[in-house]
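Okay, so here's the structure we're looking at.
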Amino acid sequence: MYRRLSLLFFTSLLLTSACSDGEDPLPEYPEYTYLFWTSLGDRKILRAVYEKEQYLHTDTLFNSVKGVEGPAAIIADAANQRIYWTDFSKRQLVRASWDGTGNPEVLYATPFNTRGPMELVLDSEAQQLYWTQPYDNLILTAPADGTGPVDTLFTGQEGIHGPWGIALSAGYLYWVEYVDNELWRVDMDMSTAPELLYAGGSGFLNPYGVAISEGTGELFITDNALPGAAFSDRIMRGSINGSLKLETVYDLEDGVNNAYTMVIDESEGQLYWHNQLEDGGIYRGTIFGEQPVALITASHVGQGLALARSGKSL
């Protein structure tokens with residue numbers, strides 16, 4: 001009896017003020033890490049579930065039966081437990097529950113005289129989507145709830161040629177142009193002109209993806225070199241203001257093979273990327289270029305990638 005009373009006493013010291021008012025303590029739930037990706041070749045949206053870095057299982061959330069045809073980019077909104085993706089083939093922006101229940105909801109469809117949307121990013125606080133249409137030379141934005149309107153931010157008339165990867169960080173919108181081999185940023189309020197951070201002569205050869213590490217003030221670029229180039233496919237690192245010279249972090253020997261999308265986990269200092277060719281693998285290493293490992297393989301024509309934890313998007 002004494003041991004039981006002692007345990008209750010010390011436990012009571014750890015209860016919150018809400019419990020001292022007679023309320024029951026909140027139950028503890030395990031924290032899961034969710035890895036979402038798109039398989040363009042399989043026409044699927046998939047998710048792998050981890051608990052404390054331990055892999056649990058992989059699920060197909062949506063497939064062609066639910067209307068998936070050409071899935072490209074994917075993002076996760078953990079606060080609302082939703083995922084958003086672009087369907088290039090159907091020229092649509094889509095959202096759905098991140099557990100695969102229900103039917104996907106088409107938010108926006110591009111006009112018939114345009115090509116489909118490609119990369120996508122969400123301003124979770126403002127609930128605003130931003131996306132690129134590289135073959136139309138467009139960068140656009142619209143509310144995440146699908147109510148519109150769709151606003152055109154930049155077109156080919158402003159010198160945009162092949163905008164692909166897109167990212168948000170610290171009040172800036174970043175994008176890469178695979179045609180002009182350039183990386184740009186602009187104030188989110190569009191109060192100033194776009195700023196060119198890196199051009200082709202900076203070191204990359206054929207950029208597609210961009211990811212930002214706010215913790216280190218660095219940006220990362222996927223560089224998919226053309227056959228016969230002096231360098232293999234790479235992930236390169238620079239600074240968010242373009243002041244530092246680009247350097248290679250990972251290359252083909254580390255598992256980079258036609259990677260289009262990256263995700264940074266700030267809390268763990270990890271960089272994830274998704275290959276399109278070969279094994280369609282998803283790889284992870286530190287943002288400093290250390291310890292690359294393969295997490296997922298056999299994703300047929302891998303494209304988009306997103307990471308979230310219960311309650312927090314990454």
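The values are calculated or read from the model by the stated rules, or taken from the named source; none is laboratory data. Since this is a predicted model, take the numbers as computed values, not measurements. As a convention, Cβ positions derive from the backbone with ideal geometry for all residues, glycine included, and neighbour counts pool all protein chains shown. Ligands, DNA and RNA are excluded from the accessible area calculation, which covers all protein heavy atoms including side chains. Shrake-Rupley method; radii C 1.70, N 1.55, O 1.52, S 1.80 Å.
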Note to self: Within segment 232-253, take every residue that is touching a helix residue (DSSP H, G or I) at 6+ places or on another chain (Cβ under 9 Å) and in a loop (DSSP other than H, G, I, E, B) and give me the one that is nearest to GLU195 (Cα to Cα).
What the structure shows: GLY242
Margin query: Looking at the structure I just gave you, is PHE220 part of a loop (DSSP other than H, G, I, E, B), open to solvent by less than 40 Å² (accessible area, probe 1.4 Å) and within 21 Å of ILE264 (Cα to Cα)?
Written below: no
Check: So GLY201 fits all but one of (1) out of contact with any helix residue (DSSP H, G or I) (no Cβ under 6 Å at 6 or more places or on another chain); (2) at pLDDT below 95; (3) part of a loop (DSSP other than H, G, I, E, B); what number is the exception?
Finding: (3)
Check: Give me the pairs: first residue in segment 221-250 and touching a residue at least 60 places away in the same chain (Cβ under 8 Å), second residue open to solvent by less than 50 Å² (accessible area, probe 1.4 Å) and in a strand (DSSP E or B), beta-carbon distance under 9 Å, and six or more apart or on different chains, which are they?
Finding: ILE240/SER169; ILE240/TYR174; ILE240/ARG185; ILE240/LEU197; ILE240/ILE212; ILE240/SER213; ILE240/GLU218; ILE240/LEU219
Check: When VAL49 is evaluated against the numbered criteria (1) among the aliphatic types (A, V, I, L, M); (2) part of a loop (DSSP other than H, G, I, E, B); (3) touching an Asp or Glu at 6+ places or on another chain (Cβ under 9 Å), which criterion, by number, is the only one it fails?
Finding: (2)
Next item on the list: Answer yes or no as to whether TYR260 is at pLDDT 95 or above and assigned to a strand (DSSP E or B).
Entry: no
Check: Only one of (1) of a type in the set (A, V, I, L, M); (2) open to solvent by 80 Å² or more (accessible area, probe 1.4 Å); (3) at pLDDT 90 or above is not met by VAL49, so which one is it?
Finding: (2)
